[in-house]
Amino acid sequence: MEPEVDVPALTELLDGEYAGIRDLVRTNLVRYASVLEEADELGVDAFRERVRELVVEMAATGQTGMGFPGGYGGGDDVGASIAAFETLAFGDLSVLVKVGVQFGLFGGAILHLGTARHHDAYLPDLISGKLMGCFAMTETGHGSNVQALGTVARYDAGAREFVITTHGDEARKDYIGNAARHGELAVVFAQLEVGGRSEGVHAFVVPIRTGGEVAPGVRIEDDGRKMGLNGVDNGRIRFDGVRVPREALLNRFADVTADGVYESPIDNPDRRFFTMLGTLVQGRVSVGGAGIGVAKVALAIATKYAARRRQFQASPGAREQLLLDYGLHQRRLLPLVARTYALHFAQDVVRTHLHEVFSGLTDDEQARRRLESRAAGTKALGTWHATRVVQECREACGGAGYLAVNRFAALKADSDIFTTFEGDNHVLLQLVAKGLLTHYASEFEDLDQLGMVRYVTGLAVGTVIEKTSAHKLLERVRDLLPGGDEWDQEAGLLDSEYHLAMLRYREEHMLAGVARRLKRGIDQKRDPGAVFSQVQDHVIAVAHAHVERLVLEAFVDAVRALPESGNKVALGLLCDLFALSTIEADRAWFMEHGRLTVQRSKAISREVSDLCRKVRPLAVDLVDAWGIPPEMLRAPDLVG
């Protein structure tokens, strides 16, 4: 007997403690649903203005200011701000990104890097949307390598001013949201020079427009049309000796006295830099959640379409069969639904960690490091998942999916950049691996890639391996399987302990392996840079395996916490489907390392197909439970 899904109850579970703010966002999305059509109909300039109008109107409802202090008009709730952003991803993504630039990046930098003088001066108008700003970090020639930025801020002690200068095209600020049209201020990241000495990258508040006109010494170019997100006015900014007062330095972590003395409570410059960047982790958590939201929209459209579209007869004289009744179609869509649920619960964990750290509930050094790592990994997997899901769902909807009116064109074009901004996913996974390899040691912030190599290889290999339990997990995995070494039995495949043990074994075996390879390269007196480059694919693989294990743990924990109900049974099926489809996708590795026989690998594939058949009757209810307003499923040819 198949379980019954209580859709309202499941929506309530998924919305969690932030149901109120999520419902406010849903109400606003419906109120401004016309923007989905306007994105196709308006020219770039008109669409940018429309997006700005909507952002300001949403700000007036309190939706966008939840993460700011109440004394300035905010909601004093960091977790709620992330939940609001996740839900906003159901709508037009230009609006989403404009909100992210204004309140997450620009506003977040003012809030977290500035002090009371900056908060008093800017936060009230920033939160209301009256004051628009930019987050000017990325440069044309430096990308992810923020420590190497070429923009310079030199302190002029005589004038008590900083002089901001762009040194060449490689140092120009590029792809900066709000720059081309609406931004009045920019938080500019630049190399600080005081008394002829470089103190590393710091952030400054710099006017880029005055009275609507570009400020003196500032040059702005429009990035023009992009692959998507054309409602966001991205631009390039150069600074030609722009002078700003000493108070323009966002001085939470460092300051310069009037007579030109540099001061900071953090002596180590690398630690100071990573502490500064760590306060901006909210952006990665937001983008990861938005990617999961995009996947939900695509899957809701494709699943509903497959539950009503018929094609081909199963037998002569019979009615044509529904797409979702075909085994292949189930295999295409339902494991993706399961993975989306898994990522949803993993995102819940990251959001909770962020809220606890930024609310001061668990604000210690180790907690921040783990938050940075988990945020980076979940963002990478969540945004890659979105890109994969949108493509698969578009194909699953055939020619109708290719029509712009049916939403996939916008979803594909607008979400593609998610894998790159707020950190390129491959770079983020290297951050995850760095934490694993160094065990979040006290030197964590100080270590660049070569430093990490030297640190890891300075440990005894046995020490690195002992920090993992791969050698113990083998016995645990075998204990879970009836018959001990008889790995070809199908019993036990639906045991969540077996699933967890398999993913833990893979992660820890990979981690020990990459540590060995790093040490072997150094023992052979090879250049550390060459050694790291040679194992970089292995580094990414272990980080990916680590994050997948965390995602599964989050899903298993969520299911176990539920009281007995039809919803618990349904989520249990999805959890099994996610776990086994994940093992199936990497079965070559498990077979190469003796964790799967051919027989057991085939048994897992049979079980995945069987789970798809069991989930199929629940599929529409499961996507309905995401609570996407029907107006956001703008696909008249697909879902009516």
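The values are calculated or read from the model by the stated rules, or taken from the named source; none is laboratory data. Every value quoted in this text rests on a predicted model; they were computed, and no experiment measured them. Here the Cβ is made from the backbone with ideal geometry for all residues, glycine too, and neighbour counts use every protein chain on show. Surface accessibility is based on the protein's heavy atoms, side chains included, excluding ligands, DNA and RNA. Shrake-Rupley method; radii C 1.70, N 1.55, O 1.52, S 1.80 Å.
Observations, loosely collected:
- When the range 124-148 is filtered for residues that are in a loop (DSSP other than H, G, I, E, B), touching a residue at least 60 places away in the same chain (Cβ under 8 Å) and farther than 29 Å from residue 59 by Cβ, the ones remaining, listed by number, are 140, 143, 144.
- Filter result (modelled with pLDDT of 90 or more and under 14 Å from residue 143 (Cβ atoms)) within the range 420-429: 420, 424, 425, 426, 427, 428
- Test: residue in the range 352-375 that is among the acidic types (Asp, Glu), in a helix (DSSP H, G or I), open to solvent by 10 Å² or more (accessible area, probe 1.4 Å) and within 30 Å of residue 620 (Cβ to Cβ): no
- Within the range 606-640, the set of residues being within 27 Å of residue 9 (Cβ to Cβ), in a helix (DSSP H, G or I) and small (Gly, Ala, Ser) comprises 619 only.
- Matching residues in the range 393-413 - criterion: being surrounded by fewer than 18 Cβ atoms within 10 Å (Cβ to Cβ) and among the charged types (D, E, K, R): 395
- The residues on offer are 535, 639, and the sole one that is surrounded by 16 or more Cβ atoms within 10 Å (Cβ to Cβ) and without any contact (Cβ under 8 Å) to a residue 24 or more places away in the chain is 535.
- Residue in the range 287-310 that is aromatic (Phe, Trp, Tyr) and within 16 Å of residue 334 (Cβ to Cβ) present: yes
- Boolean, residue 48 is among the charged types (D, E, K, R), over 16 Å from residue 632 (Cα atoms) and open to solvent by less than 10 Å² (accessible area, probe 1.4 Å): yes
- Residues located in the range 149-174, provided they are without any contact (Cβ under 8 Å) to a residue 60 or more places away in the chain and within 24 Å of the chain's Cα centre (by Cα): 149
- Pairing residues of the range 321-343 that are touching a residue at least 24 places away in the same chain (Cβ under 8 Å) with residues that are assigned to a helix (DSSP H, G or I) and of a type in the set (Phe, Trp, Tyr), at Cβ distances under 6 Å and at least 6 apart in sequence or on separate chains, gives 338/578; 339/578; 342/555; 342/578.
- Count of residues meeting criterion [buried (at least 21 other Cβ atoms within 10 Å of the Cβ), without any contact (Cβ under 8 Å) to a residue 60 or more places away in the chain and either part of a loop (DSSP other than H, G, I, E, B) or of a type in the set (D, E, K, R) (or both)] in the range 51-89: 4
- For beta carbons closer than 8 Å, sequence separation of 6+ or different chains, a first residue in the range 196-221 that is free of Cβ contacts under 8 Å to residues at least 24 places away in the same chain and closer than 23 Å to residue 180 by Cα and a second that is part of a strand (DSSP E or B) and open to solvent by 10 Å² or more (accessible area, probe 1.4 Å), the qualifying pairs are 214/220; 219/238.
- Of all residues in the range 103-141, exactly one satisfies the criterion of being hydroxyl-bearing (Ser, Thr, Tyr), farther than 26 Å from residue 425 by Cα and buried (at least 17 other Cβ atoms within 10 Å of the Cβ), namely 122.
- Cross-chain or 6+ apart pairs with Cβ under 7 Å, the range 568-595 first and among the acidic types (Asp, Glu), then surrounded by fewer than 24 Cβ atoms within 10 Å (Cβ to Cβ) and outside any helix (DSSP H, G or I): 576/494
- Candidates are the residues of the range 538-579 that are over 18 Å from residue 435 (Cβ atoms) and among the basic types (Lys, Arg); the one that is least open to solvent (accessible area, probe 1.4 Å) is 568.
- The residue of the range 414-424 that is surrounded by the most Cβ atoms within 10 Å (Cβ to Cβ), among those that are outside any loop (DSSP other than H, G, I, E, B) and of a type in the set (D, E, K, R), is 414.
- Residue within the range 392-410 that is out of contact with any Gly (no Cβ under 8 Å at 6 or more places or on another chain) and among the acidic types (Asp, Glu) present: yes
- From the options 613, 634, 587, 606, residue that is closer than 29 Å to residue 86 by Cα and either of a type in the set (Asp, Glu) or surrounded by fewer than 22 Cβ atoms within 10 Å (Cβ to Cβ) (or both): 634
- For first residues located in the range 282-301 and at pLDDT 95 or above, partners that are of a type in the set (Phe, Trp, Tyr) and lie 6+ apart or on another chain with Cβ distances below 6 Å form the pairs 286/85; 287/418; 291/418; 293/90; 296/626; 297/90.
- Annotation note: of 144, 94, the sole residue that is among the polar types (S, T, N, Q) and open to solvent by 40 Å² or more (accessible area, probe 1.4 Å) is 144.
- Members of the range 552-605 found to be over 17 Å from residue 3 (Cβ atoms), assigned to a loop (DSSP other than H, G, I, E, B) and not hydrophobic (A, V, I, L, M, F, W, C), listed by number: 586, 593, 594, 595, 597
- Condition met for residue 285 (outside any loop (DSSP other than H, G, I, E, B), touching a Lys or Arg at 6+ places or on another chain (Cβ under 6 Å) and either under 22 Å from residue 384 (Cβ atoms) or of a type in the set (Lys, Arg) (or both)): no
- In a residue-by-residue description of the range 276-298, the property of being buried (at least 21 other Cβ atoms within 10 Å of the Cβ), in contact with a strand residue (DSSP E or B) (Cβ under 8 Å, 6 or more places away or on another chain) and closer than 30 Å to residue 154 by Cβ applies to at least one position.
- Scope the range 1-45; condition closer than 24 Å to residue 133 by Cβ and either open to solvent by less than 50 Å² (accessible area, probe 1.4 Å) or in contact with a His (Cβ under 9 Å, 6 or more places away or on another chain) (or both); matching residues: 21, 25, 28, 32, 35, 39, 44
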